[in-house]
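Down below is the structure, laid out as structure tokens.
The values are calculated or read from the model by the stated rules, or taken from the named source; none is laboratory data. Model, not experiment: these values are computed from the prediction. Methodologically, a virtual Cβ is constructed for each residue, glycine included, from the backbone with ideal geometry; neighbour enumeration extends over all protein chains shown.
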Amino acid sequence: MFFRLSSFSGAAVWFKVRENGVEINKLSNGLYFVQVEDPGIHTFTAATEATDTLRLEVDPGETYYVRGGITMGILMGRASLSPSDQETFEKAAHRLKLTKPVQPETPAQAPPSPPPAS
């Protein structure tokens with residue numbers, strides 16, 4: 001479960017959460033999303049002017065909470081990902097909205113083949 005508390009500081013800044021370079025979803029102010037993962041080690045990244053990385057070892061049947069946030073940067077806020085807990089999420093849940101799922105990236109379509117010569 002990835003979430004970002006609603007806050008005036010950094011409210012206009014959003015960032016994409018990725019795993020292995022593939023976008024999972026976006027985190028904006030006051031949003032959350034659920035990401036189901038296979039057991040094992042997973043590395044998530046978030047970036048604005050700098051990239052933050054969070055490595056999680058996922059165990060079967062467990063729920064993990066990841067808090068996204070914005071810290072001060074040179075030109076703009078920096079994305080941050082940090083482990084959190086169910087209690088923190090539940091305290092904020094009534095003010096959070098579920099994000100829409102990200103549309104999967106589709107490969108560029110090849111141009112149609114020319115008709116066979118007659």
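Does segment 1-34 hold any residues that are in a loop (DSSP other than H, G, I, E, B) and surrounded by 15 or more Cβ atoms within 10 Å (Cβ to Cβ), and which are they?
MET1, LEU5, GLY10, VAL13, TRP14, SER28, ASN29, GLY30
Report whether or not SER6 is modelled with pLDDT of 90 or more and in contact with a Lys or Arg (Cβ under 7 Å, 6 or more places away or on another chain).
So SER6 fails the test.
Return the residues of segment 68-108 that are among the hydrophobic types (A, V, I, L, M, F, W, C) and modelled with pLDDT of 80 or more; say none if nothing qualifies.
Within segment 68-108, ILE70, ALA79, LEU81, PHE89, ALA92, ALA93, LEU96, LEU98 meet the criteria.
Specify the residue that is surrounded by the fewest Cβ atoms within 10 Å (Cβ to Cβ); the eligible residues are those in segment 49-72 that are more than 20 Å from LEU96 (Cβ to Cβ) and small (Gly, Ala, Ser).
If we take residues in segment 49-72 being more than 20 Å from LEU96 (Cβ to Cβ) and small (Gly, Ala, Ser), then GLY61 is surrounded by the fewest Cβ atoms within 10 Å (Cβ to Cβ).
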